[in-house]
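The block underneath contains the structure these notes are about, expressed in structure tokens.
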Amino acid sequence: MGSRTGLAVLLCLAASPALAVGGDAASEAGRLENRIVMVLGNRGSVCTGTVVAPAIVITAGHCVSGSGQYAVAYKEIGGTATLQEVRQIVRHPEFKPGSRVSIDLALVRLKMALPARFAPIPLDDSAGNDSVGARQTIAGFGLAREGDDSSAGTLRSASVTVLPRYYPRFLRLGLAGGGVAICKGDSGGPVLNDSLLGITLVGVIYGKEGGDGRQCGATAQAVRIAPQRAWIDRVMAQWGN
């Protein structure tokens with residue numbers, strides 16, 4: 001299967017409804033749909049990414065760590081699905097596949113700017129509101145349920161609680177009432193702080209907690225943005241943003 005054909009097939013699969021991150025499409029997802037995109041690989045990977053500049057998306061490093069080709073996908077206003085080609089990928093220098101303390105981040109530069117309706121989300125440059133017990137919003141294009149790969153593709157969001165962390169540079173997040181917080185396809189999605197000043201990106205989801213082999217989990221893990229701002233700003237400056 002050719003790379004462009006493979007990506008097109010993935011995009012068709014991603015058109016089915018999904019209950020990503022335990023949320024529901026009627027809540028936050030509506031106002032985030034022009035800020036969050038899918039990150040697809042021609043070898044079958046489906047992830048989520050956040051727009052941080054007109055032609056730059058941030059996602060999880062493992063989402064773009066293979067030797068395949070990648071594209072960003074989104075729906076036009078009329079519902080038509082669009083693939084946009086990637087020009088360059090830079091993974092965090094401390095990204096280490098399989099490591100529990102890997103800085104699982106990557107910046108993706110597109111060949112062309114996204115349509116003007118896409119609004120970049122500002123990056124957190126402080127501690128943010130990420131203390132234990134704080135409320136955050138997570139979003140993604142993940143599966144609706146365990147084992148149903150065809151259910152990925154609809155942007156969903158959920159309000160989550162910050163849980164005690166194991167490492168300073170990371171976040172742990174769960175639904176206040178329990179239940180699934182993350183599924184396959186939500187990796188690379190945003191952790192958002194919502195305040196009177198607007199929303200800021202405080203983290204990037206990289207996986208679920210626990211190595212039980214399941215595709216969905218009750219606790220989402222994320223890399224905090226603030227400690228990585230020097231690297232992010234440096235790469236974006238090199239790209240002219």
Exercise for the section: Please name all residue pairs, on different chains or six or more residues apart, with Cβ atoms under 9 Å, provided the first residue is in the stretch 212-236 and is free of Cβ contacts under 8 Å to residues at least 24 places away in the same chain and the second residue is assigned to a strand (DSSP E or B) and open to solvent by less than 20 Å² (accessible area, probe 1.4 Å). Expected result: none
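Would you point out which residue out of Val180, Val160, Val191 is surrounded by 24 or more Cβ atoms within 10 Å (Cβ to Cβ) and at pLDDT below 85?
On inspection, the qualifying residue turns out to be Val180.
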Problem - Residue in the stretch 105-136 that is modelled with the lowest pLDDT, counting only those that are open to solvent by 20 Å² or more (accessible area, probe 1.4 Å) and not in a loop (DSSP other than H, G, I, E, B) - result: Arg135
Exercise for the section: Identify, from the list Arg165, Arg224, Arg169, Arg214, the residue that is out of contact with any Cys (no Cβ under 8 Å at 6 or more places or on another chain), closer than 15 Å to Asp104 by Cα, of a type outside the set (S, T, N, Q) and surrounded by fewer than 19 Cβ atoms within 10 Å (Cβ to Cβ). Expected result: Arg169
Exercise for the section: Could you tell me which numbered condition Gly147 fails, if it satisfies all but one of (1) surrounded by fewer than 21 Cβ atoms within 10 Å (Cβ to Cβ); (2) touching a Ser or Thr at 6+ places or on another chain (Cβ under 8 Å); (3) on the phi > 0 side of the Ramachandran plot? Expected result: (2)
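The values are calculated or read from the model by the stated rules, or taken from the named source; none is laboratory data. All values reported here derive from a predicted model rather than from experimental measurement. Glycine also receives a Cβ, built like all others from the backbone with ideal geometry; neighbour counts cover every protein chain displayed. Protein only, heavy atoms only, side chains kept; ligands, DNA and RNA dropped before computing areas. Shrake-Rupley method; radii C 1.70, N 1.55, O 1.52, S 1.80 Å.
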